[in-house]
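One structure is given here, and the rest of the page talks about it.
We did not get these values from a lab; they are worked out from the coordinates using the rules stated. The structure displayed is predicted, hence computed values, not measured ones. Here the Cβ is made from the backbone with ideal geometry for all residues, glycine too, and neighbour counts use every protein chain on show.
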């Protein structure tokens, strides 16, 4: 039964949802005419204007089509499956601890900004939601597309399954064949930071890599090595799996006096590092940090904004489009003497 709200927008949305469910259940079969506008007005107890708005939305969503002088007819399911999805409902798949994850929090903020501009409804779901549940949501027209962000080191199985079924999705920080991707281009920031290191007299820089193996990390490693080469420095990638491995490297490698680390390893680094060491640190944007450290800001909000825009611009299509790369930027801190008064240097 229709909820008798005084809000006309809520009422046409309820009628739209009710008619869509009746079409999906087979109550209104493919090729069958819907009841006329006056009949629907009486059934739902609303004005003709409200009914017309609900029907207009269903036509936009490719559930019905209008034949002039004959009324609105249900588009058969076999035909509808080949037409674009236009519901404007996206599920954002985040880790269960996303509220405590700075990158995920900033990513979600960017997604919401993009959603408000594009009139997209956002649902946040845990990444361990079963693939069967996600497929049910999609085929019941509860969700049009999926946006995966702040992923763990290995992809959830559902990402691959959705890609194989050609269900619209965009993945942040991973490249999946046939799926939209938003990555960040770290080369400009690497070059800015390494130029600072070189100006301070360093010839050797170590990138402390805690992320193991995946596609976007591989491209970030390559960008670091290319930037080091272009700056005339020796760049070394140091894979570490825990704080003790980091401490052991620092204690045993005395030639290195310039490091790039991540925030989660800051305490361990400071405990082991000798005096005079220069450090740069990765930080999601909008997250404040030690002002005496060169900061490499990962543009999480921008990545979230672009990820949803990629879905919208391609009308939630099976192939959401080309890969997007968003440059991260360096904020030069006070730990490199020649740059003490430079302030911010945005490398875009």
Inset, instruction - Under 12 Å from a label point 7 Å along Cα→Cβ of residue 204: give me every residue in the stretch 228-243 with its amide N that close. - result: 234-236
Legend entry - Relative contact order (percent, whole number), the stretch 8-80, Cα cutoff 8 Å, 6+ residue spacing: 38 percent
Inset, instruction - Binning at 5 Å from 0, report for the stretch 238-319 what percent of all alpha-carbon pair distances ends up in each bin. - result: 3, 12, 20, 17, 13, 9, 7, 7, 6, 4, 2
Legend entry - Taking the convex hull of Cα positions in the stretch 8-80, its mean projected area over all directions (nm²): 4.4 nm²
Legend entry - Gyration tensor verdict on the stretch 95-148 (Cα atoms; rounded if a/c is under 1.5, prolate if a/b is larger than b/c, oblate otherwise): oblate
Legend entry - Cα pair count fraction exceeding 16 Å, expressed as % - the stretch 119-196: 56 percent
Legend entry - residue 129-residue 254 FRET efficiency (beta carbon distance; Förster radius 56 Å; 0.05 resolution): 0.70
Inset, instruction - Report the relative contact order of the chain, percent, no decimals, based on alpha-carbon pairs under 8 angstrom and at least 6 residues apart. - result: 17 percent
Inset, instruction - Calculate how many DSSP beta bridges within the chain are antiparallel, expressed in % of all such bridges and rounded to the nearest 5. - result: 15 percent
Inset, instruction - Note the full-extension length gain between residue 264 and residue 222 as 0.36 nm times their separation in residues minus their Cα-Cα distance, in nm to one decimal. - result: 12.9 nm
Inset, instruction - Calculate how steeply helix 8-24 sits against the longest principal axis of the alpha-carbon atoms of the chain, using the helix alpha-carbon long axis, and give the answer as 0 to 90 degrees to the nearest 10. - result: 80 degrees
Legend entry - Degrees between helix 300-313 axis and first principal axis of the chain (Cα, 0 to 90, nearest 10): 30 degrees
Legend entry - In degrees, nearest ten, helix 215-230 long axis to first principal axis of the chain (Cα): 40 degrees
Legend entry - Normalised alpha carbon radius of gyration of the chain [divisor 2.2 N^0.38 Å]: 1.27
